[in-house]
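Student: Okay, here's the structure, questions in a sec.
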Amino acid sequence: MDSYLVKPGEKIKLTDMSTSETNQFSGNKKAGLEQLSKLNEKLSNLQELLYAQQKHKILVVFQARDAGGKDGTIRSVFSGVNPQGVRITSFKVPSDAELAHDYLWRIHQQVPGKGELVVFNRSHYEDVLVVRVHKLVEKEIWSKRYSQINQFEKMLSENGTTILKFFLNVSKEEQKTRFQERLDDPSKNWKFNPGDLKERALWDEYSAAYEDALTQTSTEHAPWYVIPADHNWYRNLSVASILVDTLESLKMSYPAPAPDLGKIVIE
Ligand code: ADP
């Protein structure tokens, strides 16, 4: 899974990156799903440790194009965790109050506390993606945001937050297939947003914005992973695997019991 890591300073070109590979599983979905279920169990145990230890803070960021699979990934990867220690936050078009503040204001309020795992469904990266593509602020403003974001994430990391960022990379063809399914399948009609077609027409502009964001903001303390996302099962498996590896590397343990616990007698 390391091959999906954007190394700090590496220049990213999305057309060079696979959207559909399934790596060592070579299309074997059954084996992939078995592996995913093992990872779900591991993640469940690791999150219990995280919650019990009340030491680490975990922030997982998801960005994708429309129909890129953020919702499905979150549903699948976090299906086994204890909802009490996990929070999913979606960032929509900013409210008037949010727009009256700096763009990181609403983000900072939602970052994880000790023992918590927080998932961002969209994030502060919208402020260098949709905001840039639609020229919602001038270049002079958004172009300064990459280093501001790096500094913000560094501050979070230096204060005990482990940050992982995933870009779910779907192809233009696969996006078309998914939009068509949303039109054809009555149970998916609600997901279809005509505005998504306008965004699709800006595919190349979004590619350029993603490439700059990935290139400029993948750091040691807050790495980006570009995940091939045309196959849902492989996308879920890849994210789960990276998350489990990262949580295992924290070497978490249950807090030490209170002294003399063995001497306590319950009448
Ligand atoms: P999703 O597509 O994530 O399922 P929505 O359909 O509600 O959720 O879309 C949320 C919208 O909010 C997206 O179009 C996204 O680009 C927009 N958005 C998020 N953050 C910002 C921002 N900072 N500025 C402008 N638009 C934003």
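The values are calculated or read from the model by the stated rules, or taken from the named source; none is laboratory data. These numbers were taken from a predicted model, which means no experiment stands behind them. Here Cβ is always computed from backbone atoms with ideal geometry, including for glycine, and neighbour counts include all displayed protein chains. Each accessible area value is taken on the protein alone, full model and side chains, heavy atoms only, with ligands, DNA and RNA left out. Shrake-Rupley method; radii C 1.70, N 1.55, O 1.52, S 1.80 Å.
Student: Filter region 55-76 for residues that are part of a helix (DSSP H, G or I) and either over 11 Å from the mean Cα position of the chain (by Cα) or of a type in the set (D, E, K, R) (or both) and give the result.
Tutor: Within region 55-76, K70, D71, G72, R75, S76 qualify.
Student: Restricting to region 78-114, and then to whatever is more than 13 Å from the ligand (Cβ to nearest atom) and under 13 Å from V61 (Cβ atoms), can you tell me which residue is least open to solvent (accessible area, probe 1.4 Å)?
Tutor: Once the filter is applied, the top-ranked residue is P112.
Student: Now for a different question. Restricting to helices (runs of 4 or more DSSP H) lying wholly in region 125-171: which have 2 or more residues that are within 11 Å of the ligand (Cβ to nearest atom) and either at pLDDT below 95 or open to solvent by 30 Å² or more (accessible area, probe 1.4 Å) (or both)?
Tutor: Fully inside region 125-171 and qualifying: 130-133.
Student: Considering each residue of region 19-46, count those that are small (G, A, S), modelled with pLDDT of 95 or more and not in a helix (DSSP H, G or I), and give that number.
Tutor: 1
Student: Specify the residue that is surrounded by the fewest Cβ atoms within 10 Å (Cβ to Cβ); the eligible residues are those in region 115-124 that are within 11 Å of the ligand (Cβ to nearest atom) and within 15 Å of L156 (Cβ to Cβ).
Tutor: Only one residue fits best here, namely S123.
Student: I've got another one for you. Would you mind listing the helices (runs of 4 or more DSSP H) fully within region 177-267 where at least 3 residues are open to solvent by 20 Å² or more (accessible area, probe 1.4 Å) and in contact (Cβ under 8 Å) with a residue 60 or more places away in the chain?
Tutor: Passing ranges, in order: 203-217, 232-249.
Student: Of the conditions (1) farther than 27 Å from A256 by Cα; (2) of a type outside the set (G, A, S); (3) in contact with a helix residue (DSSP H, G or I) (Cβ under 7 Å, 6 or more places away or on another chain), L50 clears all except one; give me its number.
Tutor: Condition (1) is where L50 drops out.
Student: Of all residues in region 144-176, how many are without any contact (Cβ under 8 Å) to a residue 12 or more places away in the chain and of a type in the set (A, V, I, L, M)?
Tutor: Selection size over region 144-176: 1.
Student: Looking only at residues in region 103-125 that are without any contact (Cβ under 8 Å) to a residue 40 or more places away in the chain and out of contact with any helix residue (DSSP H, G or I) (no Cβ under 9 Å at 6 or more places or on another chain), which one is nearest to D66 (Cα to Cα)?
Tutor: Of everything passing the filter in region 103-125, Q110 is nearest to D66 (Cα to Cα).
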